[in-house]
Amino acid sequence: MLVTRNYRTPGRGGGEIDLIMRAPDGTLVFVEVRKRASSSHGGGAASVGAVKQRRIVFAAQHYLLRLSRLPPCRFDVVVLDGEQVEWLQAAFDAS
């Protein structure tokens, strides 16, 4: 279930999350969507490096401050490479 789209932290240097969703088991899923026309530069999944992951985690932590109870969470990446769509569940963690 979609919770929100394009969540952004205030100020410069913050983070942004493309989609925040809730899985049927109650897990809050922070989803990064990456699109590449071709995989010649490593594909969409390769473009979610350490810096991008830190920004997503920062934005997720900011979002979670609004909640009274912390649900289980995970970080997914949806990759659109040309005509291919791949959903990578638990693609990275907050550590």
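Across region 11-57, what is the number of residues that are more than 18 Å from L80 (Cβ to Cβ), assigned to a loop (DSSP other than H, G, I, E, B) and either at pLDDT below 90 or of a type outside the set (S, T, N, Q) (or both)?
So the answer is 9.
Restricting attention to region 1-10, which residues are outside any strand (DSSP E or B) and at pLDDT 95 or above?
Correct list: M1 only.
List every residue pair whose Cβ atoms lie under 6 Å apart, where the two residues are 6 or more positions apart in sequence or sit on different chains, the first residue falls within region 7-20 and is more than 14 Å from R66 (Cα to Cα), and the second residue, located anywhere, is hydrophobic (A, V, I, L, M, F, W, C) and assigned to a strand (DSSP E or B).
I17/F30; D18/V31; D18/V33; L19/V31
Find the residue count for region 65-86, including only residues that are under 22 Å from D25 (Cβ atoms) and either of a type in the set (S, T, N, Q) or surrounded by 15 or more Cβ atoms within 10 Å (Cβ to Cβ) (or both).
7
The values are calculated or read from the model by the stated rules, or taken from the named source; none is laboratory data. Nothing here was measured: the structure is a model prediction, and the numbers come from that model. Every residue, glycine among them, receives a Cβ derived from its backbone with ideal geometry; neighbour counts consider all protein chains shown.
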